[in-house]
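Novice: Let me begin by handing over the structure; questions about it come next.
The values are calculated or read from the model by the stated rules, or taken from the named source; none is laboratory data. Because the structure is a prediction, the values reported are computed rather than measured. Cβ placement follows ideal geometry from the backbone for every residue including glycine, while neighbour counts extend to all protein chains displayed.
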Amino acid sequence: MNTKLPEAEQLKLDSRYLRGTIAEGLDDVVTGAISEDDNKLTKFHGSYMQDHRDLRDERRRQKLEPLYSFMVRLRIAGGVVTPQQWLGLDAIADDCSNGTLRITTRQTFQYHEVLKKDLRSLMQQVNAVGLDTKGACGDVNRNVVTNVNPHQSSVHAEVHQISQAISDHLCWQSGAYAEIWLGEQCVYQPGKSEEPFYGERYLPRKFKIGIAIPPENDSDVLANDIALIAIIENDELVGFNVAVGGGMGMTYGETATFPRLATMAGFVPKDQIVKACETIAAIQRDFGDRSIRAHARFKYTIDDHGIDWFNEKFTEYHGEAMTPAKPFELVRNGDRFGWIQGEDGQWHLTLYIYSGRVADTEALQLRTALREIAKVHTGEFRMTCNQNLIIANISPEQKPVIEQLVEHYQLDIGERHPALRLNAMACVALPTCALAMAESERYLPTFLSKLEQIMSDVGLPEELINIRITGCPNGCARPYLGEIALTGKAIGRYNLNLGADFSGQRLNRLYLENVDETTILNTLKPMIEQFAAEREQDEHFGDFLIRVGILGAERTPEMMHKPLVD
Amino acid sequence: MNIRLPNAPLTDEQLQQLNNLLQTLEGWQVDWLSGYLSGYRAAQYGNQPIDTVSNQAEQSIKLTILYGSQTGNTEAVAAQLAEKAKVSGIEVKLLDMAEYKPRDLKNEQFLAVLTSTHGEGEPPDNAMDLYEFLNGRKAPGLKGLQYSVLSLGDSSYEFFCQTGKDFDERLQKLGATAVIPRVDCDVDYDALAEKWIAEFIETLTSSMQASAAPPSASAIMSQAPDTTQYDRKHPFPAPLLENQLLSGRGSSKEVRHIEISLEGSGLHYQPGDALGIYPQNDPILVATLIDALGFDGESQVELDEQSETLINALMHHREITVLTRPLVEKWAELAQSDELNTLMENKAAVTEWLRGRDVLDLVQQYPLPEIDANGFIKLLRKLPPRLYSIASSQAAVDEEVHITVATVRYNAHNRERGGVASTWLADRLAEDATIPVYIDTNKNFKLPADDDLPIIMIGPGTGVAPFRSFMQEREERGARGPNWLFFGDQHFLTDFLYQTEWLSWRKSGLLTHLDVAFSRDQAEKIYVQHRIREKSIEIWNWLQDGAHIYVCGDADNMAPDVNEALIDIISQQGNKSRDDATEFLRQLTRDKRYQRDVY
C-alpha cells in the first residue's frame, strides 16, 4: 500500500472479510482476551470484549489479567422472538453467560460476562434457535428497530416483515461467521469477493435504521441514520416517509461531534423501501468520511453535504426520486404499559422491565416468570426500544392463563413503580463498559428516588418525564432525547442536559457541565416546582422549560458542548 | 581549564575537587588517568565492557519516553516526541508505562514522562504500576536522572493534570532533575505539546553538544558486599516489602507473593535456591497450650544454654504444630496411659492418630500432671525453618528475594489449624515486620550454563515459583534458548499464578511455549501431565535438542504422574522399551538434564 489508510479502515481491508485472527485468538487458552485488532473485528460478529472494571485494580495487583469477558448481542429485527426461541435464549444465559438476559435499546438481547471459552458454544446455540449475531455491532447495518404498536395488528405484521427484509438484505455475507463460530470449512480465496454490497471495507461507521408507526415513536426513529415513518392510508400501509442522518454519539470537548436528528428527505412506497434503504446505505458507503472516524457517521455526511445533495444522489443511485413527505404526527416515545386489545381481538401485555435486565433476584423472579410464560404462550414476545417487553398476540382464551402467571410472579404491568421509572433509561456503564466515566444503570434508581420525592412533594407523582442517564457521551440510551438527561463525566459527576420534547422530535441541550448530584437536584427542584405551578394542560416538562424561557427551542452543535449556565 | 558539566552526576564539591586536580595535570597525565579510570571501572564491574569517557562523548543521548494513556491521545504525543527526537539524533526508547520495568529507572539518563489523568485525579490504568512503584517504598534514589513531564488533562475536572503533577513531584523527591519544567495541557493540547517537545529536544541536543552524556545512575550505585555473616544459624532479619494475595476472588486457594529485602545482608542466591524462614507460632495456639498445661507464660525456661520466658520459647523456638512420633513415645512413657500405650503398639494406628493433630491435642487428650515448664520444653523439638523455592532472580531484583506461599489452613478434629509459616506470613506479619531468613542453596535445581539450551519447566501451583526466577534470570542474561512452561491449578480465572508476567514474557518472546491445565474448569479433571502427553512429539524433539526438564511442586501425585508421562513419551517417541525409557530418563538425571524440586 502506498497511501496509508486510517487504522480502522486498514484493519477491515486486511481482515480477509472479517476473519482476522479471531479463530486463533479463541484457541489461545492462556488468556481470556483476544487481540485488540480482533476485538474490533468481533464487533461485526456481534460481540466485543469487556472487563470487570471494579476488579481491574485488584487483579492487576494479583498479577492476574483483567477479568475479561464478552458481550454478545443478537440480530433480532423488530425485536420479535417466538416462545420457543425465548426458551432457547433463556437456556443460553445459564450455559454460557451470567444467568441474565438484557433487552437493549435496539430491541434485541445482549448477553454479558460470556467467557472466551464459552463464546463458540453460545454462537452455536443462538444459531440453533434460528437467530444470529451478525452486525449487532461493527461498521455495518445494525439491528433494525420498529415500533411495536400492537393496535393495528396487520400493519405491525407488515412493518415487521419489512424490518426483517431490510435487516436480511443489508446483513453482511462473508463466510467468516460460519467458519469461526459454527465450525465450517474456510472458503476464503484471495481476490474472491464475499461482500457484493459492502465490499472489503464495509461502511465507514455503524449504520442504524429505525421504523415508527405514528403516533407512536417508541423507536426514537429520528435518532437513526435512516428513519422510516410508516404512512397509513385507509388502514393500509402505503409506504414510508424517509428521514436521514440521525445519530446520538458525541465526544466531550470536540465541537465537531454532536447528536443530530434525521432530516426529512421524502416519501418512498412500501414495495421500494428495501431497495431505498440499500441505496441510502450505498451513498454512505461511497461518500461517508473514512479518513476521520469521529466524523464518519452518516449524520456528518448529511450535515456536510446538505439534504439537497442527498436527494440528488438518491435519485442518481436509485434511478427515481423520492416524492414529497406525507403528513404525520408523533406524540410520544415511551411505551404504553398494561393490557391492550388489538383490532383483531388479540391481547397484548406490555411489562415494565427495569433497565431491560431479565434476571432472577430475591425480590423478583422475572426470568423464571418469563420462562414459565414462554412455556404456555402461543403468540410472540416483542422487545421495545425502551427496554421493556410485550407479550403479544395472546388469544382471549389464553389471557387468564397469562394473567395468572403475571399475578403469581408479581410482574409489573406499569403499576408497581412510580411514574418516573416507566420512562427512564440507563446504559450499562460500570462495571462492565470500557467507555463509562460514571455510573449509570447502578445509579439510576438512586437518582430517580430522589427526583420522585421532589415530584411527589410538588403534587405530580403521576407525571411522566423522559429521563435518561448514560456513563459517557456516546449515546447508548439516547440521552440527547431525554427531557432530563445525565451523561457521565467522572465518578459522581455528570453533564445535565435539558429540554428535549416528549416524542423524540427535539434534542435537549447542555445545561450544566460536570456537576454532582446535589447541584443537579438543586437545579431541577425549582424548575419542577415552577412546572407544577404553571404548566398548561397536558404540557410536558421539556416543552414547559422552553415555553417559560428557561431555555430556547433552537438547537445547534455548539449547544451540546457549551453549557447554558456556567 | 575549568570544566563545566551541567549534567554531571557530581556534587559541587566533587566537581570542585575534579577541577582542582585537572588544573594540575599535564596532557599525558590526563591520558593515563582516562585509561586508569576505565580500567578501574571495568574491575569494579567484572567483565562487562565499559564505555570510556571519550566514547561516551561521541555517543548519542539516550532518551526513554514513557506514556500513560487512557484514550490514546497521550500515546500519540509520545510517538510524536519519539519521532522528532530520533530525527535530532537522540537514541529513543518509546514505551507504554505498563510495559516498562520500573526498576530500570535508575539506569536511565533522560526520561520523558507523558501522562493523562483519569477520572478524579487518578493515573490511567497503564500508568498504575509505575505510579505505585515511584510512590512506594521500593522507589530507588534517582540522582542523576534528568526528565521532563508532559501532562494531558481536562480543566473542567477538579484534579486537572493531577497524575502529571504527581509524577513530577515524585521524580524530584527521588533526586531527579527536571530538564525543562512540566507542562500541563488542556483538551486542546496540540500547540502546548508541540512546544514542550521542541523545547525538550532543544535542551537535550544542546546538552549533547556541551558535554559527554552522563553515566547512568546505576554507575554511581554502591555495590553489595560479596560476603555475608548470615546463614542458617544466623538468619538475617529481613524487612518485608510486599505481601500480595495472588489468588483471585472466588478461589479456594490462598496463595501469596511475598517480597523481602536483603539489603545490606550480603546474602546472594541463584535461581533454583530456596529461602529458609524461621516462622513464629500462633500466639493464640501458644496461649491455649500454656493454659492447657496450667503453666505461667512468663516463667523462665532453659533453652539451648540460655534462659527465656516460656511464652517466647513456644512462640519462637519450639515446634508445636507438628506432632512427631518420638515426642509421642516419650510422652507415653511419662503419661503411663494405658490407652496411649496400647495405641503406641500399633504403628499404623499411631500414624493415623498423628494425622492432623498437634501438641495441644496430645496435652489435652493425655494430660501429664507431673511435668513442669522446663521439662515440657525439653520434650519439644526445635522450631525448624521452612523452605520456600525462591521466585526471583537477583539479576532482576537486586537485593530482594521473592517467594510464593500457599497458605495452609484446614479443619481437623474440630479445630481450625494452619501451617506455621504460611499463616504467620498471611495473618500475623505486621507491615514493618522483619523475617529471619537465610539462603538454602540447591545445586540440583539450576539453569543450564549454556544459555542457548532449551528448557522445559513443569510447575503447577506454587511449584511455578522457581520458574519465575528462571525467566527473570534468562531475560537479564539475554539467554536465547527456548523456554517452555507447563502450569496448572484449579481455575483459570483465579488461580493462574503470575499470569500477567507469563503473558508479558510470552509477548516479548522469552517464553516461547506456555501450556496450562486447569483441573476444575471442565467436567473431567485435566492436569499438567495430560498437557505434557498431548505435546509428546514436541517434547521428544526438545529432548533431542538438548532440553533440560525441571519439575517443581507436589511430590505425592504430580511428580510421579509427570515422571510416568515422560517415560511414556520417551518410550513411544523414541521407540524404546519401558526399561530403556526409564534408563534414558535416569541418564538425563545423571546428566543434570532432569531436575526436580518436589515436596
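Novice: Please work out if residue A:94 is out of contact with any Lys or Arg (no Cβ under 9 Å at 6 or more places or on another chain), free of Cβ contacts under 8 Å to residues at least 60 places away in the same chain and in a helix (DSSP H, G or I).
Specialist: The answer is yes for residue A:94.
Novice: If we keep just the residues of the range B:162-179 that are closer than 14 Å to residue B:116 by Cα and of a type in the set (Asp, Glu), which is nearest to the other protein chains (Cβ to nearest Cβ)?
Specialist: Among those residues, the one meeting the criterion is B:166.
Novice: Restrict the check to the range B:459-466 and report whether at least one residue is surrounded by fewer than 20 Cβ atoms within 10 Å (Cβ to Cβ), within 14 Å of another protein chain (Cβ to nearest Cβ) and within 17 Å of the chain's Cα centre (by Cα).
Specialist: Scanning the range B:459-466 turns up no residue that is surrounded by fewer than 20 Cβ atoms within 10 Å (Cβ to Cβ), within 14 Å of another protein chain (Cβ to nearest Cβ) and within 17 Å of the chain's Cα centre (by Cα).
Novice: Here's another thing I want to ask about it. In the range B:131-161, which residues are closer than 29 Å to residue A:253 by Cα and away from chain A (no Cβ under 12 Å)?
Specialist: Scanning the range B:131-161 gives B:148, B:149, B:150, B:151, B:161.
Novice: Against the conditions (1) touching a helix residue (DSSP H, G or I) at 6+ places or on another chain (Cβ under 9 Å); (2) part of a strand (DSSP E or B), where does residue B:371 fall short? Just the number, please.
Specialist: Only one criterion is unmet by residue B:371, namely (2).
Novice: I'd like the full set of residues that are assigned to a loop (DSSP other than H, G, I, E, B) and surrounded by fewer than 18 Cβ atoms within 10 Å (Cβ to Cβ), limited to the range A:410-444.
Specialist: Scanning the range A:410-444 gives A:410, A:413, A:415, A:416, A:417, A:418, A:431, A:434, A:435, A:442.
Novice: Just to be sure I understand, how many residues within the range A:1-43 are in a loop (DSSP other than H, G, I, E, B) and of a type in the set (S, T, N, Q)?
Specialist: 6
Novice: Within the range B:425-440, count every residue that is surrounded by 17 or more Cβ atoms within 10 Å (Cβ to Cβ) and in a strand (DSSP E or B).
Specialist: Going through the range B:425-440 one residue at a time, the tally reaches 6.
Novice: Being away from chain B (no Cβ under 14 Å) and buried (at least 17 other Cβ atoms within 10 Å of the Cβ), is that true of even one residue in the range A:2-10?
Specialist: Yes: one or more hits.
Novice: State whether the residues of the range A:320-327 include one that is within 14 Å of another protein chain (Cβ to nearest Cβ) and either of a type outside the set (A, V, I, L, M, F, W, C) or in contact with an Asp or Glu (Cβ under 7 Å, 6 or more places away or on another chain) (or both).
Specialist: Looking through the range A:320-327, none of the residues is within 14 Å of another protein chain (Cβ to nearest Cβ) and either of a type outside the set (A, V, I, L, M, F, W, C) or in contact with an Asp or Glu (Cβ under 7 Å, 6 or more places away or on another chain) (or both).
Novice: Can you tell me which residue in the range B:226-267 is nearest to the other protein chains (Cβ to nearest Cβ), limited to those that are over 12 Å from residue B:407 (Cβ atoms) and among the polar types (S, T, N, Q)?
Specialist: Ranking the qualifying residues of the range B:226-267, first place goes to B:244.
Novice: Next up: Answer yes or no as to whether residue B:259 is in a strand (DSSP E or B) and either free of Cβ contacts under 8 Å to residues at least 24 places away in the same chain or polar (S, T, N, Q) (or both).
Specialist: No.
Novice: I've got another one for you. Condition first: of a type in the set (A, V, I, L, M) and in contact with a Leu (Cβ under 6 Å, 6 or more places away or on another chain). Now tell me which residues in the range A:2-21 satisfy that.
Specialist: A:18
Novice: Can you tell me which residues in the range B:378-407 are in contact with a strand residue (DSSP E or B) (Cβ under 6 Å, 6 or more places away or on another chain), modelled with pLDDT of 95 or more and not in a strand (DSSP E or B)?
Specialist: B:391, B:392
Novice: Can you run down the residue pairs with Cβ atoms below 9 Å, 6 or more apart or on separate chains, where the first is in the range B:274-287 and farther than 14 Å from residue B:312 by Cα and the partner is among the polar types (S, T, N, Q)?
Specialist: B:274/B:389; B:274/B:441; B:274/B:442; B:275/B:389
Novice: When you scan the range A:60-80, how many residues do you find that are closer than 26 Å to residue A:219 by Cα and in contact with a helix residue (DSSP H, G or I) (Cβ under 7 Å, 6 or more places away or on another chain)?
Specialist: Matching residues across the range A:60-80 total 6.
Novice: Test residue A:236 against the stated conditions and say whether it is acidic (Asp, Glu), surrounded by fewer than 24 Cβ atoms within 10 Å (Cβ to Cβ) and either at pLDDT below 95 or more than 20 Å from residue A:143 (Cα to Cα) (or both).
Specialist: yes
Novice: Could I ask something else about it? Quick check on my filter: what residues within the range A:71-96 are closer than 26 Å to residue A:25 by Cβ and either within 14 Å of chain B (Cβ to nearest Cβ) or over 21 Å from the mean Cα position of the chain (by Cα) (or both)?
Specialist: Across the range A:71-96, the qualifying residues are A:92, A:94, A:95, A:96.
Novice: Filter the range B:86-127 down to the residues that are crowded, with 20+ Cβ neighbours inside 10 Å, out of contact with any Pro (no Cβ under 6 Å at 6 or more places or on another chain) and within 14 Å of chain A (Cβ to nearest Cβ), then identify the one that is modelled with the lowest pLDDT.
Specialist: By that ranking, first place goes to B:126.
Novice: Has the range B:424-435 got any residue that is more than 30 Å from residue B:323 (Cα to Cα) and modelled with pLDDT under 95?
Specialist: Yes, the range B:424-435 has at least one match.
Novice: For the range B:489-528, how many residues are within 7 Å of another protein chain (Cβ to nearest Cβ), closer than 15 Å to residue B:463 by Cα and in contact with a Ser or Thr (Cβ under 9 Å, 6 or more places away or on another chain)?
Specialist: 2
One line per residue, one yes/no per condition, for (1) assigned to a helix (DSSP H, G or I); (2) at pLDDT below 95; (3) under 28 Å from residue A:67 (Cα atoms); (4) basic (Lys, Arg):
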| position | (1), (2), (3), (4) |
| --- | --- |
| A:111 | no, no, yes, no |
| A:117 | yes, no, yes, yes |
| A:122 | yes, no, yes, no |
| A:135 | no, yes, yes, no |
| A:148 | no, yes, no, no |
| A:156 | yes, yes, no, no |
| A:165 | yes, no, no, no |
| A:174 | no, no, no, no |
| A:178 | yes, no, yes, no |
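Novice: Okay, moving on. When you scan the range A:445-471, how many residues do you find that are of a type outside the set (A, V, I, L, M, F, W, C), on the phi < 0 side of the Ramachandran plot and in a loop (DSSP other than H, G, I, E, B)?
Specialist: 5
For every residue, the table says whether it meets (1) surrounded by fewer than 19 Cβ atoms within 10 Å (Cβ to Cβ); (2) assigned to a loop (DSSP other than H, G, I, E, B); (3) under 23 Å from the mean Cα position of the chain (by Cα).
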| residue | (1), (2), (3) |
| --- | --- |
| A:301 | no, no, yes |
| A:312 | yes, no, no |
| A:325 | yes, yes, no |
| A:329 | yes, yes, yes |
| A:345 | yes, yes, no |
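Novice: Could you say whether any residue in the range A:256-278 is within 14 Å of chain B (Cβ to nearest Cβ), within 16 Å of residue A:205 (Cα to Cα) and not in a loop (DSSP other than H, G, I, E, B)?
Specialist: No: zero hits.
Novice: Also, quick follow-up: Against the condition more than 14 Å from residue A:31 (Cα to Cα) and within 13 Å of chain A (Cβ to nearest Cβ), how does residue B:545 come out, does it pass?
Specialist: The answer is no for residue B:545.
Novice: Another question about this same structure. Any residue in the range A:52-71 that is hydrophobic (A, V, I, L, M, F, W, C), touching a residue at least 40 places away in the same chain (Cβ under 8 Å), in contact with a strand residue (DSSP E or B) (Cβ under 7 Å, 6 or more places away or on another chain) and outside any helix (DSSP H, G or I)?
Specialist: Yes: one or more hits.
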